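I have placed the structure first, in the form of structure tokens, so that the comments after it can refer back to it.
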Amino acid sequence: MIVCAGNIEFFDFATPIGVGLIDSAITLSEICINTTPKFLLFIGTAGSYGEKKIFDIIRSKSACNIENSYFASKAYTPVDNLISTTPLVSRETIVNSSNYITTDVSLGSHYISRGIHLENMEFYAVMKVAQRFNIPVGGLFIVTNYCDSNAHRDFKTNHAKAIQMLEEYIRQDKDKIFGNFSNG
């Protein structure tokens with residue numbers, strides 16, 4: 001099953017689950033209770049902390065939930081906030097999820113030093129739901145912006161083209177994409 005956030009990110013072959021951590025977790029849980037998918041592929045846009053380029057298409061099987069205040073030693077969590085369905089290796093892209101978009105470019109180096117390269121609001125919730133229901137999961141993202149003071153403007157500027165590019169990429173060979181995720 002292919003899922004997406006919805007709102008302004010719709011694909012005719014994907015089921016929208018909601019924007020942000022909470023709505024996506026609730027909706028995806030309801031879907032999994034009613035019809036347990038054999039595999040979940042989340043598709044959508046992402047911001048880059050600096051190393052991934054605009055319009056790069058990246059797959060991931062790893063997500064985390066780290067808030068920016070963590071890097072200033074102003075927060076901690078008792079929650080296991082990193083999920084990966086594959087052994088973490090240097091080439092794996094970890095996607096951070098928060099209900100907030102990072103606009104302070106200086107924070108990018110903190111994320112990158114921990115192997116975290118992208119920011120997407122829903123992926124951690126998708127991973128947690130998949131983990132709870134024991135469903136294999138992956139994510140496919142296209143970069144629309146950098147996590148800096150122009151994040152929202154650049155997202156809006158690049159969004160339509162990014163959605164079109166991601167849709168074309170998926171339509172080219174859905175079987176290959178699903179195979180790549182199931183083979184690690």
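Quick note: the coordinates plus some simple rules give every number you see, no bench work behind them. Just so we're clear, the structure is a prediction, and the values are computed from it rather than from any experiment. Cβ atoms come from the backbone with ideal geometry, glycine included; neighbour counts cover every protein chain shown.
Summarising the amide proton neighbourhood of Glu122: residues at separation of 5 or more, or on other chains, whose placed amide H is nearer than 5 Å comprise Gly20.
Amide H to amide H, with H built 1.01 Å from N, Leu40 comes under 5 Å of Val137, Gly138, counting only residues 5 or more places away or on other chains.
Rounded if a/c is under 1.5, else prolate if a/b is larger than b/c, else oblate: which is the stretch 39-107, with a ≥ b ≥ c the root eigenvalues of its Cα gyration tensor? It would help to have the intermediate numbers written out before the result.
Values: a/c = 1.81, a/b = 1.22, b/c = 1.49.
Verdict is oblate for the stretch 39-107.
Shown in residue order for the stretch 5-18 are the 3J(HN,Hα) couplings computed by the Karplus curve 6.51 cos²θ - 1.76 cosθ + 1.60 at θ = phi - 60°: 5, x, 6, 9, 10, 10, 9, 5, 9, 10, 8, x, 10, x Hz (x for Gly and Pro).
Taking every DSSP helix (H) stretch of at least 4 residues in the chain, weighting each as -39,500 (n - 2.57) and dividing the sum by the residue count yields a mean residue ellipticity at 222 nm of -10500 deg cm²/dmol.
Which pairs in the list Lys38/Lys156; Lys61/Lys156; Lys38/Lys128; Lys53/Lys74; Lys38/Lys161 are over 24 Å apart, alpha-carbon to alpha-carbon?
In this structure, Lys38/Lys156; Lys61/Lys156; Lys53/Lys74; Lys38/Lys161 exceed 24 Å between Cα atoms.
Counted over the chain, the DSSP beta bridges are approximately 35% antiparallel.
Given a cut-off of under 8 Å on Cα pairs at least six residues apart, what relative contact order in percent is computed for the chain? Can you show the working numbers first?
On the way: 355 pairs, mean separation 53.2, N = 184.
Relative contact order for the chain comes out at 29 percent.
Note that the stretch 76-83 has calculated 3J(HN,Hα) couplings of 8, 9, x, 7, 6, 9, 10, 10 Hz, one per residue in order, obtained from phi through the Karplus relation 6.51 cos²θ - 1.76 cosθ + 1.60 (θ = phi - 60°); glycine and proline are x. Going from the fewest other Cβ atoms within 10 Å to the most, the residues Val143, Val19 appear in the order Val19, Val143. Residue separation of Asn134 and Val105 scaled by 0.36 nm, minus their Cα-Cα distance, works out to 6.8 nm of gained length.
If you rank Lys61, Lys174 by fewest surrounding Cβ atoms within 10 Å, what's the result?
On the way: Lys61 21, Lys174 13.
Result, fewest neighbours first: Lys174, Lys61.
The 3J(HN,Hα) values that the Karplus relation (6.51, -1.76, 1.60; θ = phi - 60°) gives for the stretch 27-33 are, in residue order, 5, 5, 4, 4, 4, 5, 5 Hz. Gly and Pro appear as x.
Listing His159, His152 from the residue with the fewest other Cβ atoms within 10 Å to the one with the most, what is the order? Each step should come with its number before you reach the end.
Working: His159 16, His152 12.
Fewest to most other Cβ atoms nearby, the residues stand as His152, His159.
Lys38 to Thr77: FRET efficiency via 1/(1 + (r/R0)^6), r the Cβ-Cβ distance, R0 30 Å, to the nearest 0.05?
Values: r = 32 Å, r/R0 = 1.05.
Approximately 0.40, to the nearest 0.05.
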